[in-house]
Amino acid sequence: MTVRIRPLDPLRDAELIHPWVTHPKAAFWMMQDAKLQDVERAYMAIAAHPHHDAFIGLVDDEPAFLMERYDPSEIELVGLYEPRPGDVGMHFLVAPTETPVHGFTRTVITAVMRELFDDPATERVVVEPDVRNTAVHALNEAVGFVPEREIQKPEKKALLSFCTRAQFEIAVGVAV
């Protein structure tokens, strides 16, 4: 499998990702009732934000996942933890499929983490998934995340977790 990540174009990609973010399996993305225009608007806001970026992940040149990168000292986690220089926040969502491939989501999160650590300024990746999202907690731990504590965000109770470059390299057995 070859994985490539490109910037998301809100106008061009909203139609692509709308069924992804509104799918029942994307419940933790909190966009279940979003209309196409809502998705367009949400990703236009991300595109305009100086501390938030969105990307489309392609696997073998087919759109397969959504990735967001953000500065947790500026958005999402302000006041909820003590940020360090080099912290980068991340969200990812795998497109729903009728034919799941074993290990696919782990391949995706590994590619997302490699992309983040490809930036030499990235020291640590920060995630804050819903505490009930046990599937993503297991995936996060598989690539080196260590849960720190539960935090209360306005929209959810989240599990604050961190992954350093060294933890990622040990978890996946590859230097980045």
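The values are calculated or read from the model by the stated rules, or taken from the named source; none is laboratory data. Just so you know, these numbers come straight off a predicted model, no measurement behind them. When we count neighbours, we look across all protein chains shown, and the Cβ atoms used for this are built from the backbone with ideal geometry, even at glycine. Areas reflect the complete protein model, heavy atoms only, side chains present, ligands, DNA and RNA absent. Shrake-Rupley method; radii C 1.70, N 1.55, O 1.52, S 1.80 Å.
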Provide a single number: the residues in segment 89-131 that are free of Cβ contacts under 8 Å to residues at least 40 places away in the same chain, part of a strand (DSSP E or B) and either among the charged types (D, E, K, R) or open to solvent by less than 20 Å² (accessible area, probe 1.4 Å) (or both). 3
Residue set 26, 42; condition at pLDDT 95 or above and of a type in the set (A, V, I, L, M); output residue 42
Condition (residue is in a loop (DSSP other than H, G, I, E, B) and touching a strand residue (DSSP E or B) at 6+ places or on another chain (Cβ under 8 Å)) applied to segment 152-167: is it met by at least one residue? yes
Considering only residues of segment 132-146 that are of a type in the set (A, V, I, L, M) and not in a helix (DSSP H, G or I), which is farthest from residue 175 (Cα to Cα)? 146
Step by step: first the residues of segment 22-70, then only those that are open to solvent by less than 80 Å² (accessible area, probe 1.4 Å) and of a type in the set (Asp, Glu), then the one that is farthest from residue 121 (Cα to Cα). Which residue is that? 38
Complete set of residues in segment 132-176 that are closer than 17 Å to residue 75 by Cα and open to solvent by 50 Å² or more (accessible area, probe 1.4 Å): 152, 154, 155, 157
Every residue in segment 25-56 that is under 14 Å from the mean Cα position of the chain (by Cα), among the aliphatic types (A, V, I, L, M) and not in a helix (DSSP H, G or I), please. 30, 54, 56
Considering only segment 2-23, state which residues are among the hydrophobic types (A, V, I, L, M, F, W, C) and either without any contact (Cβ under 8 Å) to a residue 12 or more places away in the chain or in contact with a helix residue (DSSP H, G or I) (Cβ under 7 Å, 6 or more places away or on another chain) (or both). 3, 5, 8, 11, 14, 17, 20, 21
What is the residue count in segment 132-162 for residues that are within 19 Å of residue 103 (Cβ to Cβ) and free of Cβ contacts under 8 Å to residues at least 60 places away in the same chain? 11
Here the residues within segment 164-176 that are without any contact (Cβ under 8 Å) to a residue 60 or more places away in the chain and touching a helix residue (DSSP H, G or I) at 6+ places or on another chain (Cβ under 7 Å) are 165, 168, 171, 175
